[in-house]
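The values are calculated or read from the model by the stated rules, or taken from the named source; none is laboratory data. Nothing here was measured: the structure is a model prediction, and the numbers come from that model. No Cβ is skipped: glycine too gets one built from the backbone with ideal geometry, and neighbour counts run over all protein chains shown. Only protein heavy atoms, including side chains, enter the accessible area calculation; ligands, DNA and RNA are left aside. Shrake-Rupley method; radii C 1.70, N 1.55, O 1.52, S 1.80 Å.
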Amino acid sequence: MSVKYPAILTFSAILLVGALRVNGQNPPPAAGAAARVQASIDLTGYWVSFVTEDWRYRMITPPKGDYAGVPMTPDARRIADAWDPAADETAGSQCKSYGAAAIMRVPTRLHVTWQDDNTLRIDTDAGTQTRLFHFGPQPAARGNPSWQGYSSAQWERPASLKVMTTNMQAGYLRKNGVPYSENAVLTEYFDMSPLPGGGQALLVTAVDDDSRYLQQPFIVSTQFKKESDGSKWDPTPCLAR
């Protein structure tokens, strides 16, 4: 796995979850207004991973058996102990560690846009994945499970985005085979804050619930830094190792 993204081992305390809530007050949106109109923060643009924790699990592929920090069940450990990236390649399953439950932890760049007034789109250059955050009423049928699943989104006050993702295809929380099941539920909170000296930071707090493979919810926070343009955007395929 190549290292081509900024890797910083220390970071301002403003990236703590509590400190990232923006204090500005916005007038309430008109009833029935589209999600784009209701947005209290502007997530659009290009962002790059700002690695502040779990270096050895994110910037390189950890060895089989290195699962520290993940509250795995015995079934999960048995699956991870049998991890075989060559078998994943043969099966065409190189994207197992690029699903919704793991993609934000992959060193990557994000391109955030509005696909329409009620759908926020996030593209990643690592693995060339696309996530769609759907606002408003949800359909009764959500199709077959997929790597990115189905994400329901809503704005929260004072300035935060909450996203809940289900209907995911089973994959890996970490590249070395730590599994999540097709019944996993991913809840994420997206917050923004100014950086000291200029610029903007994005914090994504993720809570993975999976009774099959996790003994308790697995909570991680991931940081990104805003870039001025897409000149460094470099789509690459999924890699199994």
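Tally the residues that are more than 13 Å from Leu173 (Cα to Cα) and hydroxyl-bearing (Ser, Thr, Tyr), restricting the search to the stretch 59-84.
1
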Within the stretch 94-121, how many residues are over 18 Å from Arg58 (Cβ atoms) and either open to solvent by less than 30 Å² (accessible area, probe 1.4 Å) or of a type in the set (D, E, K, R) (or both)?
6
Is it fair to say Gln216 is free of Cβ contacts under 8 Å to residues at least 60 places away in the same chain, at negative phi and among the polar types (S, T, N, Q)?
no
What tally of residues in the stretch 34-62 results from selecting those that are closer than 30 Å to Asp117 by Cα and of a type in the set (Lys, Arg)?
1
Might you check whether a residue that is in contact (Cβ under 8 Å) with a residue 24 or more places away in the chain, surrounded by fewer than 16 Cβ atoms within 10 Å (Cβ to Cβ), on the phi > 0 side of the Ramachandran plot and of a type in the set (S, T, N, Q) occurs anywhere in the stretch 127-148?
yes
Single residue of the stretch 57-78 satisfying the filter (in a helix (DSSP H, G or I) and crowded, with 18+ Cβ neighbours inside 10 Å) that is farthest from the chain's Cα centre (by Cα):
Ala76
Collect the residues in the stretch 38-56 that are among the hydroxyl-bearing types (Ser, Thr, Tyr), in a loop (DSSP other than H, G, I, E, B) and closer than 13 Å to Arg109 by Cβ, keeping them in residue-number order.
none
